[in-house]
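The numbers here are math on the coordinates, done by the rules we state, and not lab data. Everything numeric in this text was worked out from a predicted model, so none of it was measured. When we count neighbours, we look across all protein chains shown, and the Cβ atoms used for this are built from the backbone with ideal geometry, even at glycine.
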Amino acid sequence: MNDLLASSAVPADGDTLTLDAYAERAYLEYAMSVVKGRALPEVADGQKPVQRRILYAMKEMGLTAGAKHVKSARVVGEILGKYHPHGDSSAYEAMVRLAQDFVMRYPLIDGQGNFGSRDGDGAAAMRYTEARLTPIAELLLSEIDHGTVDFVPNYDGAFEEPQLLPARLPMVLLNGASGIAVGLATEIPPHNLREVASAAVALLRQPELDLDALLAYIPGPDFPGGGQIITPPADIRTAYQSGRGSLRVRARWQIERLARNQWRVVVNELPPGTSAQKVLAEIEELTNPKVRPGKKALSAEQQNLKGLMLGQLDRVRDESDQQQPVRLVFEPKSSRQDPDEFITLLLAQTSLEGNVPMNLVMLGLDGRPRQKDLKSILSEWLDFRMHTVTRRLSHRLDKVNQRTHILEGRMTVFLHIEDVIHVIRESDEPKPELMRRFGLSDIQAEDILDIRLRQLARLEGFKLEKELDALRGEAGTLRHLLDNESARRDLVAEEIRADAARYGDARRTEVKPAEKAVLTQTVADEPVTLIVSRNGWIRARSGHNVDVSALNFKDGDALGQVVETRTIHPVVALDSRGRSYTLACSDVPTGRGDGVPLSSLIDIQDKARVVAVLSAKDDSRYLVASSGGYGFIAQLKDMVSRVKAGKAFLTVEDQESALPPVLAPDHASAHVLVVSQQARLLAFALDELKQMGRGRGLQLLALDDGDALTALGVVSSGRALLTVQIPRSGRLDEVRLPLDEFIGKRGRRGKEAPKRWLVLGVRDAQG
């Protein structure tokens, strides 16, 4: 084999290629045939070869907008037999796409029968459907017989087909295109006809216009199904400048108010590529999820989304019909729900909002595939249109000159009718004699011999003069247009505006920037109670006011902490080394067992223990401190960590430990009461502390050597309730203590307590 490859690398003669060169050439030829012959549209007329052949064949069959529909099978047979020697499915599928008003912004084929639906239903067989051209197809075909484009032989040389269609508007932007070639792909979104026409006229008048000026006319794509483009204008500009990007499109809806303060959401416009059946299938998957392959049970995420969806959505119906192609009705569980939150849930979890790719790849006038920006597309099409109009004017001028030449010969004969009749009657060869006697050309003489005598009557003479005058005036106008580029530009601009007025319509897709729908709440909002034991085991119970006396714990363990919260709130654990960890309520088991160790839910660092579990709203304020006498105010969201290993939050020195944080209400008269191990107390105003996101904080109490901060609390009533341990007996007791004599400045030494208490906790004494 190696010998064969080596020998093939050396050509034996001039007709021999090396294997690698042959393979490269063959692949490139195949790639270019796919690119130019199948997948990519032309910037000139916006059509792929199969689409161009379909439209031309239907025109040749006389299937214009006013004609009777004919069977699609007949059209497909005409296309395959004359122009497109491929499978009938490829031709019929392309034909179906041209007829689908939910795919094409401006359908070019008027289909009768089942041509598919936006729900993904396929079209009926071509023997059951009928078709003809739409009026707007005239934008592509009306000038094809006016010498505007070149014709080439078909695949067998029996017929001719146009290389391009003389598009009067940039169809590559109006209807867009989608295709995959070899190494290339295109995804051109549709646009509004009036907007594109206005931009084309503006660029024709002022070729120096930049992209921003064009975007003032074309703010974005215009999809057949409507919807709302929420992408920021800067991102849209970037996509049109580079020729590649992604647009965020969402459905449009309205809130229907019903009796007794009830309401429902009705979706009547969908993003491209989305159908009512697809949305219903997604909701079914959310509310009735299936166990994923390789798993034994539903994941926590699936369970949360199921509970959230069932907690907010009561029912959904598809009420779409012929009058309303899209009508999806969503009814909430309760009328007291926030409509905005309800809609955000639907947008975030279904294809009611999604991304639409944009890849402006097409064949240019030079025949090369290229990714183009918006100005290049319009500029190239305008060049094509100017060239087309010039060819049309030249072709018409030739026809006018030919007709004028014929009529001038007839006028000459009309003025000498008797002599002409005499020559024809007497001469054996009248044609040469007519040419000699009256100075006629060969064409004029042939025409005289072919016409009827009645055409040379007196009345016909007046008609000849009138037609000649009209033709000479038209010829002068045509010559002026051909000699004056500015006049031709005016003509093109006028024709574009006329076509826009005739075929244009209002924009369907709203361009209104908005934030991407993000589901911040992934679980149902329900009350829950977290129970933490002294040894660090955690469990959950539904609801609040749980009877803790009925709870059982493992031997040697007891109740440590009870946290009443809601399922949507984050759960934060703070360890003794000042590191914070985050877990979800859904991660905490809710059975009747003992729960699970906190260490199995978080990666707690070595030589550390959990000192407190917190759960509240993100903006809840807490006073955090270390036994070293330093602390600050922080919000719960500052303690939230995105990783299982947590994050460094409170700076704690060696031999120090973090204390359980306490709620810090936003109260003007609130005081912080701190207590040391040596029973020294200090109360100071809460506003003397500053709010921080992390760190060590400010000094709360000046501690003597060997002393440590043991307890702290926030007091708003002026009196504190201390949980103390009697030194000798070890008995716990509660002591009500006025703050007046212990109030001072933050960071002072404070005063000794009335007795040598070991203070374990500080609470606000209400009355």
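Things to note:
- Within region 651-749, the GluC sites (Glu not before Pro) that combine a DSSP coil assignment with at most 14 other C-beta atoms in a 10 angstrom radius are Glu653.
- Alpha-carbon Rg with Dmax, taken over region 43-108, Å: 11.5, 32
- Simple point charges give the picture: +1 on the Cβ of Lys and Arg, -1 on the Cβ of Asp and Glu, and for region 309-415 a dipole about the Cα centre of about 1000 debye.
- In range of the label at Leu482: residues from region 401-422 whose backbone nitrogen is under 11 Å from the point 7 Å along Cα→Cβ: 401-402
- Nonlocal amide H pairs with Gly176, under 5 Å, H built at 1.01 Å: His191
- Length-normalised contact order of region 601-675 in % [C-alpha pairs under 8 Å, at least 6 apart]: 36
- Legend: translational diffusion of region 47-166 by Stokes-Einstein, Rh = Kirkwood radius over C-alpha pairs, 37 °C, 0.692 mPa s; D = 228 µm²/s.
- Arg336-Gln725 pseudo-label distance in nm [points 7 Å out on the Cα-to-Cβ vector]: 4.5
- Across the chain, C-alpha contacts under 8 Å between residues 6 or more apart give a mean separation that, scaled by the residue count, equals a relative contact order of 9 percent.
- Which of Glu285, Glu465 has the fewest Cβ neighbours within 10 Å, and the rest in rising order: Glu465, Glu285
- For region 534-543, 3J(HN,Hα) computed residue by residue from phi via the Karplus equation (6.51, -1.76, 1.60; θ = phi - 60°) reads 5, 8, x, 8, 10, 8, 10, 10, 5, x Hz, glycine and proline entered as x.
- Extension gain for Ile424-Asp383 works out to 9.5 nm (0.36 nm per residue, less the C-alpha to C-alpha distance).
- Each helix, a run of at least 4 DSSP H residues, gives -39500 (n - 2.57); summed and divided by the residues of the chain, these come to -10000 deg cm²/dmol at 222 nm.
- Normalised per residue, the volume of the convex hull around the Cα set of region 660-767 (Å³): 106
- If R0 is 51 Å, the Cβ-Cβ spacing of Leu258 and Asp505 corresponds to a FRET efficiency of close to 0.95.
- Region 525-649: relative contact order as a whole-number percent, Cα under 8 Å and 6+ apart: 27
- Of the GluC sites (Glu not before Pro) in region 175-237, the ones in a loop by DSSP (not H, G, I, E or B) with at most 13 other beta carbons within 10 Å are Glu208.
- Neighbourhood net charge (9 Å Cβ-Cβ; Lys/Arg +1, Asp/Glu -1) for Gly179: +1
- For Lys644, the aspartates and glutamates whose Cα falls under 13 Å of its own Cα, not counting residues fewer than eight places away in the same chain, are Asp587, Asp603.
- Given +1 at the Cβ of Lys and Arg, -1 at the Cβ of Asp and Glu and no other charges, the dipole of the chain around its Cα centre is 3260 debye to the nearest 20.
- The structure shown yields log10 I(q)/I(0) by the Debye sum over Cα atoms at q = 0.06, 0.09 Å⁻¹, and of the options [x] -0.34, -0.79; [y] -0.58, -0.89; [z] -0.65, -0.99 that calculated value carries the label [z].
- For Lys82, the aspartates and glutamates whose Cα falls under 14 Å of its own Cα, not counting residues fewer than eight places away in the same chain, are Glu60, Asp156, Glu160, Glu161.
- Model label points for Ala702 and Arg368, set 7 angstrom from Cα along the Cα-to-Cβ axis, are 8.1 nm apart.
- Charge context of Pro224, other residues only, Cβ under 13 angstrom, K/R +1, D/E -1: +1
- If the convex hull is drawn through the Cα atoms of region 252-351, its volume per residue in Å³: 107
- Segment Thr18-Ala648, extension gain: residue separation times 0.36 nm, minus the distance between their alpha carbons: 220.2 nm
- Full-stretch length increase - Asp156, Asn114 - with 0.36 nm per residue and alpha-carbon distance subtracted: 11.8 nm
- FRET efficiency, His69 to Lys290 (Cβ-Cβ, R0 45 Å, nearest 0.05): 0.50
- When the charge dipole of the chain is built from unit charges on Cβ atoms (+1 for Lys and Arg, -1 for Asp and Glu) and taken about the Cα centre, the candidate among Ala645, Ala685, Leu347 whose Cα reaches farthest toward its positive end is Ala685.
- Cα→Cβ-extended label distance, 7 Å offset, between Phe553 and Asp666, nm: 3.6
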